[in-house]
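This report concerns only the one structure given below.
Computed from the coordinates by the stated procedures, all read-outs in this text should not be read as laboratory data. Everything numeric here is computed off the predicted structure, so don't read it as measured data. No Cβ is skipped: glycine too gets one built from the backbone with ideal geometry, and neighbour counts run over all protein chains shown.
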Amino acid sequence: MWRKEKAEAGRQAVPAGPAAQSSSALPRFLAPEILARISSLELLARAVVEGFISGLHRSPYTGFSTEFAEYRQYLPGDDLRHLDWRLLGRTDRYFIKKYRADTNAQCHILVDASASMRYSTGAVTKLQYAQFLASSLAYLANLQQDAVGLIAFDERVRTHVPAHSRSGHMRAIFGRMEQLEPGSETRLAKVLHDAAERITRRGIVILISDMYDDPEEVLKSLQHLRFKGNDLIVFHVLDRNELEFEFSEPVLLEDIETEEQMHVLPDLLAEGYRATIGAHIERLRDGAAANRIDYELLTTDRPLDYALFSFLAKRARR
Amino acid sequence: MSLLNPLFLLGLAAVAAPILVHLVRRTRAPRVEFPTLMFVRRVPQRTIRRKRLHNLLLLLMRCLALLLVVMAFARPYFSRGEQAAGGGDRANVVLIDDSFSMAYGQRFEQAKARARALIGEMRGGERTALVRFGQGYEVLTRFTPETGRLTALVDGLRPGLGATDYVQALRGAERLFEEAGPGERRVFLISDFQAAGRNPAEAAFRLSKEVKLVTVDVGEGPAPNLAVTEVAAQPTIYQQKYADKLTARVTNFSDEAREAVRVEFQINEHVVEKREMRLGPQDSQVIDFTGFNLSEGDNRCFVQVSGDDFALDNRFHFTLRRAAQLKALAIEAASRGRSESFYLRNALTTGENLPFALTVKTAGSVNPAELAEYRVVILNDPGEVSAALSGQLAKFVEQGGGLVIAAGPHTQAESFNQSFPALSPAALGEAVQLRGDHVALSEIKTDHPIFEVFRQSGRLASARVFGYHRSTPREGASVLARFEDGSPALVESATGGGKVLLYTSTLDAGWNDLPLTPIYLPLIRQMARYLGEREELAWHPLGQAFTVPVAKDGAPPAVDAPSGERLTERQQTATGELIVNAREPGFYRLRYPDRSQFAAVNLEARESDLRRLDVNEFVAAVTGADPKAAAGAAPDPKLLPEEVESRQRVWWGLLLAALALFVAEAFLARRTKSAKVIG
């Protein structure tokens, strides 16, 4: 059984980047349990993203899009196309005009909707968290003028919304997203291969999954996507109890997907379990790094901002 | 294995606690959905198995520790049957005391119960022999492993009427072990351990070293008892009034004084006299009765004490016979002056209650045909005897008469030897005259009835003998006394139903000064009684045999036991007398065609004394063990000292083992943290 106090303590031990610090330093980021109360994913995404953006006025994640962002002094080597000639005429100073990135990239969000994603020991299930994350990312991508597509899958692709940037497309995305229900078993590698074939134009592929498949097979399928020229961001979503295996008494564990049952002595098993899943994560992390895939491990009790940072960083590189 | 405090076994319920917790927790293990079991399955099973084994080990250790604590408090001890592995080469002899003291209170029932318990504890091929004992012992069964048969034999036991003799029983057990073969040997002695049962004459007896003695004492607690322990009486009198003193000893065997103890004397079921007396603790008093009249023939008498619960020994039976005097004939040589039978006559006819009526005749005046009227004939140096007389004398002796021959100066050896070639116990030789010198009697057989009364005095040797005949004993004759030079003085032989005594000197003062000494009278009377009077006893102790004379027609009488049962044993002595084994206290009736006689039988008086042995001392004495070690065994008489010690070790061993288990369990539990148990 999940124990909150344990979870609080365990939180300190979770591999964390700057977002972990942000979550405590920036309370404006809504906690997942609060997000769970927002019925509309669109509203939720807006709340998340706008809150996120409002904190980014000094953000370095700017680009050269058609939307003006700021000025900066001309430095030798800068493209003269970006020189603000009007300003030069009025003030006789050389300034480069900076714009928001305006590349119209394709962003495919792959959401794992297998049965294992319905697991939860907190306020939200992994699937809900994936929905929040996917919606927020979709919203953010849309703000960036990217074409957003959605693929939801379990053992096969169940929902595929091709990427578009036209107005109203987001509504379709959110609509499909809201309808997602946990499905059957996971065939992650197979589905990723399938998705690689479906995504015809290269872009950013965001995979949100609990990654319950053979890591080698998964990495092969990710390589498949990668070889097609996609930038990959993998959000490995897990419930904290999946990492820590905290049970206070012997339990009869039932596999959500296969309904296989197993008597478990948590005290005897936890250590081995943590080592095994740790190895699994490490393999994925190492494999991702080797293939220049961004890999982020998220637990469902963490705010979404860290995921958004990751996205923006990846987006900036394009 | 047996337990001293079996109630503590209720604590075994505590052992169930860890198991119940295990079961309860197992049934409550909730079903929890989990995203995948792929990582659970990958956890090395060996580790889990090892940890599960740890937990099972912990559970077992806890249960075992609790079990050991409970068992320690239940005080287990192993019977000897269990302590030795197998038991196949072990032989036991169970000795059950069935003396009459065991009939006191519930002693015998306790003894049977303990015997049954012992038999019940025996294991495997252990073989056991069952022996009951009192004065003697009877092997009820030789070594057998059949406990059912042994128990049935024990169930059928009843207390006997005999006394106790421990050493004889132990000897019997040792003899039995000779057929047991090699292996452990144990004797279980179940008794009330009366002090009287230990024969001081057997103090040197030791059990073999390989035999273990285990005492089972059923005689604990106070045992007050009153008993008539002895009656001393003249068994035969020759007049109506009993002029002698009849004494009875009444004993109080308890540590408390007894007031107004009533004692009653009855003859032929008529109360003769009643007395009341006070007896102090462990006190004994003698009362006497005299001046009562007796009927002719046998009189059944008893002295009885009343006021005691243990009635077996309250009555002391005896018979008093009023008989006609026995006729004796003295034949002497015709001589002038004082009769040579002067001293003889005075010796046999002086005093009261005389058994003999003596007639003195000369050899020439005796009618050989009248000899049959007499019981005893004394040839007091008669000189030459006629052939008719010698022939009649031979016939007289053949028919059971007693003959005393005194050879003096009138007896010529040659004619004597011709007259009594076979009748005389010895052939006479030359006459020896010691002028100015004398010899004394020596080599006297003091165990002979004639000399028995002189055993203590030693005065026989004080008589001086100046003249005697040398003699050569015939075959079959026995020399009862000799002179200092080795020449026979008194020779005895048996012919037919009678006996002959040859005295090779004179019965008057001619050749010796014996008649002038104080021993003359008793010696003559002893000789006459020995030859003419049946040795009668007022009573016989139980367990011994006595003989009963045959009727005139030579047929033995029918014998009825005190219980009224007709005895069927017809064992007879060489002279035809019937042998009766005294097995019941009371009066045995001897039915002759013309009369009835009685023989009284009493329990052994020493068995009435219920004072106890120091069991430890006894065990130490017969086993040669250290008395202090034996004293250590006192709390439980069932066990040998080392076995009591062994039992103590079991107790402590269990507790120590439990402690060690708890420590080990704590250590293991700490290593495996809080182990949970599921199936």
query = For A:269-281, what's the mean count of beta carbons from other chains sitting within 10 Å of each residue's beta carbon?
reply = 4
key: Which of B:L371, B:F451, B:F416, positive extreme of dipole for chain B (C-beta unit charges)   = B:F451
Residue mean of other protein chain beta carbons inside 10 Å, A:255-262 = 5
task = Multiply the residue separation of B:R606 and B:E352 by 0.36 nm, subtract the distance between their alpha-carbon atoms, and state the gained length in nm to one decimal.
result = 88.0 nm
ask   = Sequence-distant or interchain residues sharing an amide H contact under 5 Å with B:L358, placed H: which?
value = B:A328
query = So for the pair B:F342, B:E256, with labels modelled 7 Å out along Cα→Cβ, what separation do we get in nm?
reply = 6.8
message = Greater than 31 Å separation of Cα atoms is the criterion. Which listed pairs, B:K241/B:K445; B:K241/B:K327; A:K98/A:K126; A:K126/A:K190; B:K245/B:K327; B:K112/B:K212, meet it?
response = B:K241/B:K445; A:K98/A:K126
request  = Classify the stretch B:97-141 as rounded, prolate or oblate from the Cα gyration tensor: take a ≥ b ≥ c as the square roots of its eigenvalues, call it rounded if a/c is under 1.5, otherwise prolate when a/b beats b/c and oblate if not.
outcome  = oblate
inquiry  = Sort A:205-218, A:225-238, A:286-299, A:76-89 by the packing proxy (mean of other Cβ within 10 Å over each peptide's residues), most packed first.
reply    = A:205-218, A:225-238, A:286-299, A:76-89
Separation of the B:E220 and A:A313 label points, Cα + 7 Å toward Cβ, nm = 9.1
task = Amide H neighbours of B:R612 under 5 Å, at least 5 residues apart or on other chains, H built in the peptide plane: list them.
result = B:A195
query = Given q = 0.17, 0.19, 0.24 Å⁻¹, what are the Debye log10 I(q)/I(0) values for the stretch B:164-254, with equal point scatterers placed on the Cα positions and solvent ignored?
reply = -0.87, -0.97, -1.24
request  = Report the FRET efficiency, 1/(1 + (r/R0)^6), for B:R278 and B:A113, where r is their Cβ-Cβ distance and R0 is 25 Å, rounded to 0.05.
outcome  = 0.05
ask   = Could you give the length gained on full extension between A:S167 and A:R274, defined as 0.36 nm per residue of separation minus the Cα-Cα distance, in nm?
value = 34.0 nm
Alpha-carbon centroids, the stretch B:342-369 and the stretch B:273-301: separation in whole Å = 35
request  = Specify the angular offset, from 0 to 90 degrees and rounded to the nearest 10, of the alpha carbon long axis of helix B:45-73 from the longest principal axis of the alpha carbons in chain B.
outcome  = 40
ask   = Considering every residue in A:233-244, what mean count of other chain Cβ atoms within 10 Å of its Cβ is obtained?
value = 1
inquiry  = Loop only by DSSP, 15 or fewer other Cβ within 10 Å of the Cβ. Give me the trypsin sites (Lys or Arg not before Pro) in the stretch B:204-284 that pass, ordered by residue number.
reply    = B:R206, B:K209, B:K245
ask   = Just for chain B, what percent of DSSP beta bridges are antiparallel, to the closest 5?
value = 60
Distance (nanometres) between label positions extended 7 Å along Cα→Cβ at A:E155 and B:F662 = 5.8
